[in-house]
Amino acid sequence: MDIEIGRGLAEARRLASEHRATLAVYAGLGVVVPFLLLSSEPIFSLRTVMAIAADPWAFRFGGSIAGPLYLLGIVAVIVAGAMLAAWNALFAELREGYISEIMSGMVAGVAYLFANILLSLTVGFISVLPLILLAGATQWSVADGGPALEAYRFALSLAGSWIGVRFCLAGAIMGERGSLEPFSAFAESWRRTAPAQWRLWAFYLAYGLVFVIAFAGLAGLHGAIIVSNEPGGVIETAMSFGWVLVFAAYFLGQILIPAGLYRVALPRASAEVFA
């Protein structure tokens with residue numbers, strides 16, 4: 001069945017209206033908790049990043065890289081778990097409560113995260129394989145790439161975004177089924193997005209561009225405040241709320257849009273079961 005993007009967005013808005021309280025809870029779990037955890041690590045401070053960028057040779061950051069990487073892993077699991085719990089809550093005919101949803105969501109989230117990492121590593125390896133073979137057969141190196149290498153990277157980014165679109169329904173499918181096994185959901189997403197893949201690709205490019213502009217604008221504003229104010233000022237602290245709001249909007253979009261698209265991708269008789 002073809003996917004009508006307009007109908008999918010209408011379904012997403014309806015789901016948002018019907019499940020406001022639930023979405024607020026999972027936005028808190030998937031956005032606010034990770035934000036607070038990352039804020040506890042100085043390396044993730046925009047002020048620190050700007051200091052390193054301004055003078056990378058003079059600025060030294062003490063400590064091991066293992067701590068920040070470990071924290072990023074925890075945050076990734078929390079975010080994925082909150083997303084899977086939210087999808088499960090949106091599609092459940094009879095909910096079993098937040099505790100049950102969160103527990104199953106965390107387990108399913110790890111599986112979903114693992115599948116995404118495996119997919120990314122596979123696509124990454126296939127992407128660099130031509131460069132490895134070229135370097136092995138000739139004296140070519142990445143430093144010799146020039147415009148051709150940049151064009152190749154740009155083409156890879158477009159191909160990567162297309163692959164991401166083809167798998168965009170996987171999380172919603174796992175949540176609707178209450179499944180802990182991600183690969184069949186990824187396969188079904190690939191199948192269901194096929195009829196509308198190019199329209200979905202164009203939509204997600206535009207959708208991503210909106211958030212790129214929002215993140216870039218917020219980062220620019222935050223950077224200007226950092227340059228002109230002392231650390232820990234009220235205005236700089238208030239910027240945290242701006243970041244939380246933008247991240248929350250992105251988080252909810254990543255949940256609601258696939259959920260709406262998945263519902264309109266179902267045959268009408270099946271979709272009415274969840275209405």
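The values are calculated or read from the model by the stated rules, or taken from the named source; none is laboratory data. It should be emphasised that the depicted structure is a prediction, and the values quoted were computed from it without experimental measurement. Neighbour counts are summed over all protein chains in view; Cβ atoms, including those assigned to glycine, are modelled from backbone coordinates with ideal geometry.
If you check 3, 78, 74, 99, which single one turns out to be modelled with pLDDT of 90 or more and not in a helix (DSSP H, G or I)? Give the derivation first.
Working: 78 fails: not in a helix (DSSP H, G or I); 74 fails: not in a helix (DSSP H, G or I); 99 fails: not in a helix (DSSP H, G or I).
The unique qualifying residue is 3.
Pull up the range 131-188, narrow it to residues that are among the hydroxyl-bearing types (Ser, Thr, Tyr) and at pLDDT below 80, then point me to the one that is nearest to residue 84 (Cα to Cα).
Going residue by residue through the range 131-188, those that are among the hydroxyl-bearing types (Ser, Thr, Tyr) are 138, 141, 152, 157, 161, 179, 184.
Next, from what is left, pick out any that are at pLDDT below 80: 138, 141.
Values: 138: 47, 141: 42 Å.
Of everything passing the filter in the range 131-188, 141 is nearest to residue 84 (Cα to Cα).
Is there a residue being of a type outside the set (A, V, I, L, M, F, W, C) and modelled with pLDDT of 95 or more anywhere in the range 230-250? Before you say what the answer is, go through the steps one by one.
Applying the first criterion (of a type outside the set (A, V, I, L, M, F, W, C)) to the range 230-250 yields 230-233, 236-237, 240, 242, 250.
If we keep only those that are modelled with pLDDT of 95 or more too, we end up with 250.
So far as the range 230-250 goes, yes, one or more of its residues are of a type outside the set (A, V, I, L, M, F, W, C) and modelled with pLDDT of 95 or more.
Answer yes or no as to whether residue 114 is in a helix (DSSP H, G or I) and without any contact (Cβ under 8 Å) to a residue 24 or more places away in the chain.
Values: in a helix (DSSP H, G or I): yes; without any contact (Cβ under 8 Å) to a residue 24 or more places away in the chain: no.
Against the criterion (in a helix (DSSP H, G or I) and without any contact (Cβ under 8 Å) to a residue 24 or more places away in the chain), residue 114 does not qualify.
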Filter the helices (runs of 4 or more DSSP H) completely within the range 17-57 down to those with at least 2 residues that are modelled with pLDDT of 90 or more and more than 21 Å from residue 257 (Cα to Cα). 33-39
Output for the range 165-186, where each listed residue is over 15 Å from residue 114 (Cα atoms) and small (Gly, Ala, Ser): 172, 175, 178
So if I check each of 255, 225, 173, 163, which one is β-branched (Val, Ile, Thr) and over 29 Å from residue 89 (Cα atoms)? 225
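Hey, among 215, 247, 241, which residue is surrounded by 13 or more Cβ atoms within 10 Å (Cβ to Cβ) and over 19 Å from residue 113 (Cβ atoms)? Explain how you work it out, then say what you get.
Numbers: 247 fails: over 19 Å from residue 113 (Cβ atoms); 241 fails: surrounded by 13 or more Cβ atoms within 10 Å (Cβ to Cβ).
Selected residue: 215, the only one of 215, 247, 241 that is surrounded by 13 or more Cβ atoms within 10 Å (Cβ to Cβ) and over 19 Å from residue 113 (Cβ atoms).
Mind counting the residues in the range 228-248 that are in a helix (DSSP H, G or I) and free of Cβ contacts under 8 Å to residues at least 12 places away in the same chain? Can you show your working first?
Here is the first cut: in the range 228-248, the residues in a helix (DSSP H, G or I) are 228, 234-248.
Then drop every residue that is not free of Cβ contacts under 8 Å to residues at least 12 places away in the same chain, which leaves 228, 234-235, 237-238, 241, 245.
Residues meeting the conditions: 7.
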Can you tell me which of 216, 224, 170, 155 is hydrophobic (A, V, I, L, M, F, W, C) and in contact (Cβ under 8 Å) with a residue 24 or more places away in the chain? 170
